[in-house]
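Any read-out appearing in this document is the output of simple, stated calculations on the displayed coordinates, not a laboratory observation. Computed from a predicted structure; not experimentally measured. Note that each Cβ is placed from the backbone with ideal geometry, even for glycine, and that neighbours are counted across all protein chains shown.
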Number of protein chains: 2
Amino acid sequence: MKKIINEPENVVKEMLAGIEAVHPGLRYLRGYEVITRKDPDRRKVALISGGGSGHEPAHAGYVGRGMLSAAVAGNVFASPSPDRVLAAIRETAGESGALLVIKNYSGDVMNFEMAMELAAMEGFKTASVIVKDDVAVPDSTFSTGRRGIAGTVFVHKIAGAAAEEGQALEAVRTIAQRVADNTRSMGMAMTPCVLPAVGKPGFTLGADEIEIGMGIHGEPGIEKTSLKKAGEVAETLCGRILEDLDYAGREAAVLINGLGGTPLMELYIVAGEVDRVLRERGVDPQRYYVGNFMTSLEMAGCSVSVLRLDDEMKRLLDAPADTPAWKEFGL
Amino acid sequence: MKKIINEPENVVKEMLAGIEAVHPGLRYLRGYEVITRKDPDRRKVALISGGGSGHEPAHAGYVGRGMLSAAVAGNVFASPSPDRVLAAIRETAGESGALLVIKNYSGDVMNFEMAMELAAMEGFKTASVIVKDDVAVPDSTFSTGRRGIAGTVFVHKIAGAAAEEGQALEAVRTIAQRVADNTRSMGMAMTPCVLPAVGKPGFTLGADEIEIGMGIHGEPGIEKTSLKKAGEVAETLCGRILEDLDYAGREAAVLINGLGGTPLMELYIVAGEVDRVLRERGVDPQRYYVGNFMTSLEMAGCSVSVLRLDDEMKRLLDAPADTPAWKEFGL
């Protein structure tokens, strides 16, 4: 296992300490593995997300003005415990309450919801949105129902902008839910990844084999198949997404996400093909985001997320944001 | 070879077409493999850079307000021809002329300088800066003298800000040269990368072997050694950099660059260690940039670049920029 780390058991703590060292606007709450904005404005709704580590820049990379108030980190590919989530709420929420954005994995849902109960006992007002954007499989290894993957970042951006402009908890929850309801994603993987504490790949793929619909923890997808061209990959991923939700004649925001080990060159080739497919099918792509947004350590592969836009979502998507991994000037 | 591409011989064209499709402010000059700002302001100095492809986001990712006017792409790891560079000058330069930022590789230097001669015959005023930031080796496979690597991005950012605020060619050249003179970089690699047209790795490293000082095309470094901890990697890279230039008591900007296949988790762990080492040695790191800035396709590894700041550089580093790969709000 070739990784630039120190002790495998310390990777999460050392990563979070590194994030704090280099980003002056962020604070690392040691012992709870939470990254928060240094000076959260507690008059506004706190937007909190998180999950297992290994998906960087998700989620700490989205903490900052216009997006998250705090990100809670679990161990690599493991849900953060309720006390960590509770700590994030305590550190960032005030009278306006907190909205928790949860990716649909059983552990995450259980632990975030338990934290909400604990927070309620301390007088905090909370609400939650569960993101289930991955159309690949109806149930999966770690989830009942669809998995939450990279489309979750659209929820962070848009709900974060709503919270930043002072909208109330119910309004922020409503728009976050609407983004979740209008986002579909699907991915493919070409190589496994190696968990630092395990030291070897969690599964194998043949030399010319890829897996369509694989999850961000290496969970099985729809099929293992031979290597495909970028055009075919775009057709397959977009095809499943467009089958699942009617985007015809609608404006869309599109995220072309790398899983960590795929060069940006390939992501842009995929982006060109996705643009072609979407336009052929009558979708009107208005915004593109290309890069590593929600990764699986060094896995090679990509996912495509498509958000069906309305005017409010579009306005909030374009609103200013200043975080390590998403910056937006505002229009 | 597992890559999400179509035909290996078309990767550069398809990548550039993808960049144009998703970034509305950029234009792809077909036939010349140049990405330009859609509406370059020809009253200002045009800032032009480029080189072989495979280093994305370098260089097209830095085209936009406050950075480059145009980026010229060669084939993968191959210098762009003079006619391509000339096309970039024609498309973006006016009476204020153009500054060419060249990484020190023999092919790049020859072709960019030939383009300057051709441009002069057409009446264009040009100047150039050659970046030689890699302290690893005195001469290398493709260079006489030190190689130009990720520290080049500091030149793009600072000279781009100077050009954007309307400074004259000689002033932009002077500050660009000062940034180049005050930047030192060094990298390490853990895996090779595969050129699409070749289909197999260009070299091999043992299962627990890394190479210190390797170049961004896989050129040999200082030594092959066993895998090291992140702390040791930071000590080695920073050690060589600080030996080469006196940063003691000085403010610095630091770029922690991933080579394409290294997870952001590891880059942040390295960043934390670099921060520790620099502070121990009396350097005052004022700005950090962590991510994939100048890659080698899917190579695993990283480089560290340290710029010794003065007040003007710091101001220009913080000036607004809006490009796909570097956004700055301005302070």
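Among A:ALA21, A:ALA98, A:ALA60, the largest mean-square fluctuation in a Gaussian network model of chain A (Cα springs under 10 Å) belongs to A:ALA21.
Provide the net charge surrounding A:PRO40, with neighbours chosen by a C-beta distance below 12 Å and charges set as Lys +1, Arg +1, Asp -1, Glu -1.
Working: positive: A:ARG27, A:ARG37, A:LYS38, A:ARG42, A:ARG43, A:LYS44, A:ARG65, A:ARG90; negative: A:ASP39, A:ASP41, A:GLU91, A:GLU164.
Around A:PRO40, the charge tally is +4.
What shape does region A:93-250 have by the C-alpha gyration tensor, where a ≥ b ≥ c are the square roots of the eigenvalues, rounded means a/c under 1.5, and otherwise prolate means a/b greater than b/c and oblate the rest? The shape class here is oblate. Distance between the pseudo-spin-label points of B:GLU9 and A:GLU95 (7 Å out from Cα toward the beta carbon): 7.1 nm.
Charges at C-beta only: +1 for Lys and Arg, -1 for Asp and Glu. How large is the resulting dipole of region A:11-129 about its Cα centre, in Debye rounded to 20? Display every interim value, and only then the final one.
Values: 13 positive and 13 negative charges, 69 e Å.
That gives a dipole near 340 debye.
Within the listed set B:LEU118, B:LEU26, B:LEU267, the Gaussian network model of chain B (springs between alpha-carbon atoms below 10 Å) gives the highest mean-square fluctuation for B:LEU118. In this calculation the C-beta distance from B:ARG42 to B:GLU170 is compared with R0 = 22 Å, giving a FRET efficiency of 0.80. How about A:LYS13: which aspartates and glutamates have a C-alpha closer than 12 Å to its C-alpha, ignoring those fewer than 8 places off in the same chain? List returned: A:GLU33, B:GLU266. For region A:12-181, relative contact order (Cα pairs under 8 Å, six or more residues apart, normalised by length) works out to 21 percent.
Listed by chain and number, the lysines whose C-alpha is less than 24 Å from the C-alpha of A:LYS327, apart from same-chain residues fewer than 8 away, are A:LYS38, A:LYS44, A:LYS103, A:LYS157, A:LYS314, B:LYS38, B:LYS157, B:LYS314, B:LYS327.
For chain A, modelled as a GNM whose springs connect Cα atoms under 10 angstrom apart, the maximal fluctuation among A:SER106, A:SER296, A:SER79 occurs at A:SER106. Site pair A:THR141 and A:ARG30 shows an inter-label distance of 3.4 nm when each label is modelled 7 Å from Cα along Cα→Cβ.
Using Cα pairs closer than 8 Å and at least 6 residues apart in sequence, work out the relative contact order for chain B, in percent.
On the way: 806 pairs, mean separation 59.0, N = 331.
Relative CO of chain B lands at 18 percent.
Each Lys and Arg Cβ is given +1 and each Asp and Glu Cβ -1; about its Cα centre, chain B then shows a dipole of about 440 debye.
Shape class for region B:12-181, computed from the alpha carbon gyration tensor (a ≥ b ≥ c): rounded, with a/c under 1.5. Going by a ≥ b ≥ c, the root eigenvalues of the Cα gyration tensor, does chain A fall in the rounded group (a/c under 1.5), the prolate group (a/b larger than b/c) or the oblate group? Note, shape of chain A comes out oblate.
For the pair B:PHE329 and A:ASP208, label points projected 7 Å from Cα toward Cβ lie 5.1 nm apart.
Hey, for a label at B:GLU117 modelled as a point 7 Å past Cα toward Cβ, could you say which residues of region B:131-153 have their backbone N under 13 Å away? What the label zone holds, given the 13 Å backbone N cut-off, is no residue at all. Each Lys and Arg contributes +1 and each Asp and Glu -1, all at the Cβ; summed about the Cα centre of region A:183-317, the dipole is approximately 200 debye.
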